[in-house]
Amino acid sequence: MKAKVRILDMYSGRYSVFINEKEAKKAKLHPDDLVKIEAGKKTVYGSVVISSLIKEGEVGVSKDILQLHSFSEGELVTVLPSGAPESVRYIKKKMRGEKLRKVEIETIVKDIVDRKLRDIEISSFVTSLEINGLDMDEIAALTIAMAETGDMLDIDRKPIMDVHSIGGVPGNKTNILVVPIVAAAGLTIPKTSSRAITSAAGTADVVEVFAEVSFSLDEIKRIVEKIGACMVWGGALNLAPADDITIKSERALSIDPTGLMLASIMSKKYAMGSQYVLIDIPTGKGVKVETVDAARALARDFIELGKRLGQYVEGAITYGGQPIGHTVGPALEAREALSALMTGTGPGSLIEKATGLAGVLLEMGGVAPAGMGKKMAREILESGKAYQKMREIIEEQGGNPDIKPEEIPVGDKTYTFTAPTSGYITGIDNRAITGIARAAGAPEDKGAGLELYVKVGEKVKEGDPLFTIHAESEARLDQAIVFARRTEPIRIEGMVLQRIGNI
Ligand SMILES: O=P(O)(O)OC[C@H]1O[C@H](OP(=O)(O)O)[C@H](O)[C@@H]1O
Ligand SMILES: Nc1ncnc2[nH]cnc12
């Protein structure tokens, strides 16, 4: 059918195509059917919504669709039904546990980017990868297909360093320290981050508290060529665009299938032109990788994938058995990261991890002699040079470089949990901590999250504060309190854990 475009002043979070009820009947279109809109040489796909609010002869498009094509009001287009895309067959093949061929993977990625695959099919693909996995040939094909369906950045500075955490550990604001330390040493580090996937705050969510994170490739090139670093959200760019579409499903399910994680991270690094990449693999109970053996295997996969892409990759297995630092949630983490940069000190876990990772990068980039990287990183942090670089990053990214940690607003609805008994902290449950912060509204509510007052091994007395939940609304605070009561986020025991009788 031919129709005139009517742009609807709404975002539906989907690519919706609104069709008049009578016309839909005539054209045999049903709710959620996939249709293609042909406009000149461009074809855009979307799902049918039937509505009598749309007149005959019109086709309504929500503003989401304008991201795919800049339709103008009244533009004449053709709307046609579209059958199930070929890639659905390949998704089913992966559901059966079969290996996918390169061309099949390329077709899936192209259909994701073209929006021929809808959220429900993409979630099935993500779930099939969680259950059946991918081998290295499939991962390499997926990585290259993801990178090649988007743009590539070409920065006029070499070498290009990069760091990425596989995430999963609460409070992981580490890279907000690593990037300015490395850049302050004169290396170039154009850091892209994703928003939270399984956690309560991804690095992009935290940086967004004090600076813009959505930039075009040209803007990033300008910033990085000027100051040697950026900290931006990868999803705002047309770099490996399938990545942020699949992340949406991962986030909803709170899963990060290993093969997809490798492809997702490395496709962005490849598209950014990164040459030396350090992958942080937090390891411990309740994170994505629980054992050192599994972490080593994953590091080897990243290294092998890097070789296939022409990148030098190293892995760092880091302690992920409890949250990093004392804060979880975007604004609280932003406060802690900024304070560590300003003062050169902070919680041991944060400073140790940040200077350790930055040290490896300084050695990889050839500015620190072997074995001296961490010392150099610490000096850069303590001298205030990293903070100075951070100020430049904030300024170039449209934030206020003079911002002080205490000026960052945090959720003012609070509740503090106290120790029910005296003893030692024998465990902090990462998943429960993340669950509480998410129940409180993080990462969408920037001020939501929690402040932890204790770490594993510390002694507490009955009634001592353990953690404070912050939320932006009473309803969210109540949800988080209920969640915290249902779980055991912090375990306290005496030093004698068990008595075994002599029978
Ligand atoms: O912890 P979850 O949410 O699973 O993983 C996502 C986080 O991990 C990575 O961290 P970084 O950007 O390397 O610091 C991502 O970019 C994102 O911030
Ligand atoms: N960008 C990303 N994609 C998928 N998994 C990730 N884990 C950490 N960062 C990720």
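Tabulated values for the structure
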read-out: Bins of 5 Å, starting at 0 and running to the largest distance - Cα pair percent for the range 413-493; value: 3, 18, 28, 24, 16, 8, 3, 0
read-out: Sum of -39500 (n - 2.57) over DSSP H runs of 4+, divided by residues of the chain (222 nm, nearest 500); value: -12500 deg cm²/dmol
read-out: Glu407-Ala370 pseudo-label distance in nm [points 7 Å out on the Cα-to-Cβ vector]; value: 4.6
read-out: Per residue accessible area in Å² of the chain, where ligands, DNA and RNA are left out and the probe is 1.4 Å; value: 43
read-out: Surrounding net charge for Val482, when Lys and Arg each add one and Asp and Glu each subtract one, Cβ distance under 15 Å; value: +2
read-out: Burial order of peptide ranges 73-86, 4-17, 237-250 (average beta-carbon count within 10 Å, highest first); value: 237-250, 4-17, 73-86
read-out: Degrees separating the helix 217-227 axis from the principal Cα axis of the chain, which is the longest one; value: 30
read-out: Percentage, to the nearest whole number, of Cα pairs in the range 146-232 over 22 Å apart; value: 26
read-out: Efficiency of FRET from Cβ geometry, Lys461 and Ile500, R₀ 22 Å, rounded to 0.05; value: 0.20
read-out: Dimensions (Å) - the range 161-405, Cα atoms, principal axes, largest first; value: 40, 37, 34
read-out: Gyration tensor verdict on the range 2-81 (Cα atoms; rounded if a/c is under 1.5, prolate if a/b is larger than b/c, oblate otherwise); value: rounded
read-out: Convex hull per residue volume in Å³, alpha carbons only, for the chain; value: 181
read-out: Where Rh is the Kirkwood radius over Cα pairs, Rg/Rh for the range 1-156; value: 1.04
read-out: Square roots of 5 times each gyration tensor eigenvalue, C-alpha, the range 86-133, largest first, Å; value: 16, 13, 8
read-out: Backbone HN-Hα couplings from phi across the range 172-180 [Karplus 6.51/-1.76/1.60, Hz, Gly and Pro as x]; value: 7, 8, 3, 5, 6, 8, 4, 4, x
read-out: Bins of 10 Å, starting at 0 and running to the largest distance - Cα pair percent for the range 81-216; value: 10, 30, 32, 23, 6, 0
read-out: Heavy atoms of Leu253: accessible area, 1.4 Å probe, square angstrom to 10; value: 80
read-out: The range 2-81: relative contact order in percent, alpha carbon pairs under 8 Å with at least 6 residues between; value: 51
read-out: Reach of Lys268 by Cα under 12 Å, taken over aspartates and glutamates that are not fewer than 8 positions away in the same chain; value: Glu148, Asp151, Asp162, Asp243, Asp244
read-out: Convex hull of Cα atoms in the range 306-390, direction-averaged projection (nm²); value: 6.8
read-out: Candidate aspartates and glutamates - alpha carbon under 12 Å from Lys353, same-chain residues fewer than 8 apart omitted; value: Asp280
read-out: Where His326, His30, His164 fall by accessible area, highest first, once all protein chains stay in place (1.4 Å); value: His30, His326, His164
read-out: Of Lys94/Lys285; Lys26/Lys116; Lys285/Lys385, those spanning more than 27 Å from alpha-carbon to alpha-carbon; value: Lys94/Lys285; Lys285/Lys385
read-out: Protein accessible area in the chain, 1.4 Å probe - carbon and sulfur %; value: 51
read-out: Karplus-derived 3J(HN,Hα), 6.51/-1.76/1.60, for each residue of the range 17-23, Hz, glycine and proline x; value: 10, 8, 10, 4, 4, 5, 5
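The values are calculated or read from the model by the stated rules, or taken from the named source; none is laboratory data. Here the structure is a predicted model, which is why all the values come from computation and not from measurement. Cβ: placed from backbone, ideal geometry, glycine included. Neighbour counts: every protein chain shown. Areas reflect the complete protein model, heavy atoms only, side chains present, ligands, DNA and RNA absent. Shrake-Rupley method; radii C 1.70, N 1.55, O 1.52, S 1.80 Å.
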